[in-house]
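Reviewing the structure listed below.
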Amino acid sequence: MESKLKFWVSAAFVAMLLGWTNSSSAELSKPIPYCLELKELNNYAMSQRRFAPIIGMPKEGNYRATSLALTGWMNCSFYGTTTYTCDSTELKSHDEAARAQQRIAQEILNCFEGTWAEAPDQMGPDFVVLHPKLGPASITLNLDEADGGTHLVRLILFLRR
């Protein structure tokens, strides 16, 4: 009996190593394309100079360019000196954007490996709020409608005061 158990445990381990897993497990282990930049952005938020090293030239209104864009995101910029924002790719429907918002929230939590959590008491129907366990930053993931009726997820990382 014990040898059969060892066999199945070994077989499961080999299957896992070879990638013979169901798609939900595979999704969880997929690399997050923007994780390194997001961690770097968080490190700037916790530094003495905050975002100063990555804030660029003025743009329209109070927006400023940034030298640190998140891979796979569009229109990354600063609003003032304490708010970083990026847009997802455009999506066809509100429902598709809502599913993307939940996926992105999980990706961010996975990227930060347990050092961030959802703040459900601060969330609403169209936005997710994430806070670090330590540190001055917060992230909101807002649903928005773009020109032409398409939808997107807007990531906003800001410093709390």
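The values are calculated or read from the model by the stated rules, or taken from the named source; none is laboratory data. It should be emphasised that the depicted structure is a prediction, and the values quoted were computed from it without experimental measurement. Heads up, the Cβs are rebuilt from the backbone with ideal geometry, glycines too, and the neighbour counts pull from every protein chain shown.
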Would you call LEU5 at pLDDT below 90, of a type outside the set (S, T, N, Q) and more than 25 Å from GLN102 (Cβ to Cβ)? yes
Filter result (more than 13 Å from the chain's Cα centre (by Cα), surrounded by 13 or more Cβ atoms within 10 Å (Cβ to Cβ) and free of Cβ contacts under 8 Å to residues at least 12 places away in the same chain) within the stretch 102-129: GLN122, MET123
Filtering the stretch 50-59 down to residues that are part of a strand (DSSP E or B) and of a type in the set (A, V, I, L, M, F, W, C), which residue is nearest to SER77 (Cα to Cα)? ILE55
Just checking, does the stretch 81-91 include any residue being under 20 Å from PRO33 (Cβ atoms) and among the β-branched types (Val, Ile, Thr)? yes
Say whether the condition of being at positive phi and touching a Lys or Arg at 6+ places or on another chain (Cβ under 9 Å) is met by at least one residue in the stretch 113-129. yes
Flag for ASP147 being farther than 23 Å from ASP95 by Cβ, surrounded by fewer than 12 Cβ atoms within 10 Å (Cβ to Cβ) and not aliphatic (A, V, I, L, M): no
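Let's see how each residue does on (1) at pLDDT below 95; (2) part of a loop (DSSP other than H, G, I, E, B); (3) among the small types (Gly, Ala, Ser); (4) within 15 Å of the chain's Cα centre (by Cα):
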{"position": "ALA26", "(1), (2), (3), (4)": "yes, no, yes, no"}
{"position": "PRO31", "(1), (2), (3), (4)": "yes, yes, no, yes"}
{"position": "LEU38", "(1), (2), (3), (4)": "no, no, no, yes"}
{"position": "ALA45", "(1), (2), (3), (4)": "yes, no, yes, no"}
{"position": "GLN48", "(1), (2), (3), (4)": "yes, yes, no, no"}
{"position": "GLY61", "(1), (2), (3), (4)": "yes, yes, yes, no"}
{"position": "ALA65", "(1), (2), (3), (4)": "no, no, yes, no"}
{"position": "ASP95", "(1), (2), (3), (4)": "no, no, no, no"}
